[in-house]
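Enquirer: Following this message is one structure expressed as structure tokens.
The values are calculated or read from the model by the stated rules, or taken from the named source; none is laboratory data. Owing to the predicted nature of the structure, the values given are computational and were not obtained by experimental measurement. Glycine gets a Cβ as well: all are built from the backbone with ideal geometry, and neighbour counts include every protein chain shown. We work out accessible area using only protein heavy atoms, side chains counted, and drop any ligands, DNA or RNA first. Shrake-Rupley method; radii C 1.70, N 1.55, O 1.52, S 1.80 Å.
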Amino acid sequence: MHLLDLRSRPLANLRLSVTDRCNLRCSYCMPEESYQWLPKQDILTFEEIDRLVDAFTSLGVDRVRLTGGEPLLRQNLPVLIGLLAKKTALGDVALTTNGVLLADLAQPLAQAGLRRITVSLDTLRPGTFHALTKRDDHARVLAGIQAAARWLPRDLKLDSVIIKGVNDDELCDLLDFANEYGAEVRFIEYMDVGGATAWSAERVVSLQTILDTLAARFGTPQVVATPGNATAQRFRLPDGRTFGVIASTTQPFCDACDRSRLTADGMWYMCLYARGGLDLRGPLRAGLSTLELAQHIAATWRRRDKRGAMERLGIADRGPMLDRPALAQDPHLEMHTRGG
Ligand code: SAM
Ligand code: SF4
């Protein structure tokens, strides 16, 4: 039985950020070269993450996805996957990565028990990759996807943030590419989350535009039924191929949102757009039992009312949610800290 918030949304889905560090500098997430990093001593150990996950699963959380920052930068990540994969309360453990370090890690991750992986790939053009990420790692990402297709073929997804004038001419190519690897592509609308300081409404490529573009080339996509809590709307092309669109900007799914986020230093956020969160590291390190931690979490979830993306939709003159000075004051507002 799941724990419900004020809008009857269950506590079911936990995204675990294992580091705030990243080896790319995506323009829509982490455009600066340097940031105020979380202090090393604050980063949760694997044992501490394990304890907190037990508290969450005792309340009904049955899906965990590791993210970051770039999760593959965390030392010995397969050890953590191994700890989580053993938990019978979790359906399975998933991971979202930029793929730069995946060529070497896909096999150890799979052997540790990882079954589901999403690799972010916004472009097939090395030049565009460099312009988007300020790094020359495109070939490494492609090698990572190849390794994932070999070692983690059961549930491989490629996520592409689509930005007008940057990669919106690559929709069909990205779909073809994903298909070659037996993967499903999911196009993500550009979001005005913390970190996206250059966001503007004009650069968002909407779900409708994405569908129109694909229809012009491949024929009209049909809707595929998805569970109510799914973030991606799924579609099938006349040739049978499927793809997803995550329309968080133009069609937010706040009313069905069952996800929350734990940062690498143990702050728990109940919405990607929330200004504040709950510190779980303090109580954990102060010696609270798993039951006491769960009581703390439950009391907070029961009061959850936030619908961040829907609130943003109501803003007439919509620009970036936060500017650099506001983000510098609290690194927990950054997408790369909170975990995408
Ligand atoms: N570093 C890993 C990666 O890039 O896959 C995991 C963390 S990243 C924050 C998780 C996801 O958030 C990525 O798929 C990324 O493209 C997405 N993301 C980051 N900023 C975004 C934005 N402004 N709008 C939409 N998606 C965004
Ligand atoms: Fe890009 Fe992911 Fe790193 Fe953000 S955390 S800069 S989306 S690779």
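Enquirer: So is residue 247 touching a Lys or Arg at 6+ places or on another chain (Cβ under 9 Å) and open to solvent by less than 60 Å² (accessible area, probe 1.4 Å) or not?
Expert: Considered against the rule, which asks whether it is touching a Lys or Arg at 6+ places or on another chain (Cβ under 9 Å) and open to solvent by less than 60 Å² (accessible area, probe 1.4 Å), residue 247 comes out as no.
Enquirer: Please pick out the residue among 161, 185, 193, 141 that is at pLDDT below 95 and within 24 Å of residue 22 (Cα to Cα).
Expert: 193
Enquirer: May I pose another question? Among the numbered criteria (1) crowded, with 17+ Cβ neighbours inside 10 Å; (2) away from ligand 2 (no atom under 16 Å from the Cβ); (3) not charged (D, E, K, R), which one does residue 1 miss?
Expert: In the conditions (1) crowded, with 17+ Cβ neighbours inside 10 Å; (2) away from ligand 2 (no atom under 16 Å from the Cβ); (3) not charged (D, E, K, R), residue 1 misses (1) alone.
Enquirer: Have a look at 49, 81 and point out the one that is surrounded by 15 or more Cβ atoms within 10 Å (Cβ to Cβ) and either within 16 Å of ligand 1 (Cβ to nearest atom) or at positive phi (or both).
Expert: Every option except 81 fails the conditions.
Enquirer: Would you please name the residue that is surrounded by the most Cβ atoms within 10 Å (Cβ to Cβ), looking only at residues in the range 132-146 that are free of Cβ contacts under 8 Å to residues at least 60 places away in the same chain and more than 13 Å from ligand 1 (Cβ to nearest atom)?
Expert: If we take residues in the range 132-146 being free of Cβ contacts under 8 Å to residues at least 60 places away in the same chain and more than 13 Å from ligand 1 (Cβ to nearest atom), then 138 is surrounded by the most Cβ atoms within 10 Å (Cβ to Cβ).
Listed here are the residues, each with its yes/no results for (1) more than 14 Å from ligand 1 (Cβ to nearest atom); (2) crowded, with 19+ Cβ neighbours inside 10 Å; (3) without any contact (Cβ under 8 Å) to a residue 60 or more places away in the chain.
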{"residue": "148", "(1), (2), (3)": "no, yes, yes"}
{"residue": "152", "(1), (2), (3)": "yes, yes, yes"}
{"residue": "164", "(1), (2), (3)": "no, no, yes"}
{"residue": "167", "(1), (2), (3)": "no, yes, yes"}
{"residue": "182", "(1), (2), (3)": "yes, no, yes"}
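To keep it simple, each residue is scored yes or no on (1) farther than 30 Å from residue 24 by Cα; (2) within 16 Å of ligand 2 (Cβ to nearest atom); (3) in contact with a Ser or Thr (Cβ under 8 Å, 6 or more places away or on another chain).
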| site | (1), (2), (3) |
| --- | --- |
| 190 | no, yes, yes |
| 193 | no, yes, no |
| 213 | no, no, no |
| 225 | yes, no, no |
| 228 | yes, no, no |
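Enquirer: I would also like to ask the following. Can you say whether residue 308 is on the phi < 0 side of the Ramachandran plot, touching a Cys at 6+ places or on another chain (Cβ under 7 Å) and either within 16 Å of ligand 2 (Cβ to nearest atom) or not basic (Lys, Arg) (or both), as far as the supplied structure shows?
Expert: Yes, satisfied.
Enquirer: Only one of 76, 13 is away from ligand 2 (no atom under 13 Å from the Cβ), open to solvent by less than 20 Å² (accessible area, probe 1.4 Å), of a type outside the set (A, V, I, L, M) and out of contact with any Leu (no Cβ under 9 Å at 6 or more places or on another chain); which?
Expert: Every option except 13 fails the conditions.
Enquirer: Here are 266, 276, 244: which of them is away from ligand 1 (no atom under 16 Å from the Cβ) and at pLDDT 95 or above?
Expert: Exactly one residue qualifies, and that residue is 266.
Enquirer: Filter the range 286-329 down to the residues that are free of Cβ contacts under 8 Å to residues at least 12 places away in the same chain and among the charged types (D, E, K, R), then identify the one that is most open to solvent (accessible area, probe 1.4 Å).
Expert: 317
Enquirer: Still on this structure: Name the single residue, out of those in the range 251-275 being hydrophobic (A, V, I, L, M, F, W, C) and surrounded by 22 or more Cβ atoms within 10 Å (Cβ to Cβ), that is nearest to residue 229 (Cα to Cα).
Expert: 257
Enquirer: Scan the range 55-72 for residues that are open to solvent by less than 10 Å² (accessible area, probe 1.4 Å), more than 17 Å from residue 141 (Cα to Cα) and within 16 Å of ligand 2 (Cβ to nearest atom) and jot them down.
Expert: 66
Enquirer: If a residue has to be away from ligand 2 (no atom under 13 Å from the Cβ) and surrounded by 17 or more Cβ atoms within 10 Å (Cβ to Cβ) to count, how many in the range 116-127 make the cut?
Expert: Qualifying residue count for the region: 2.
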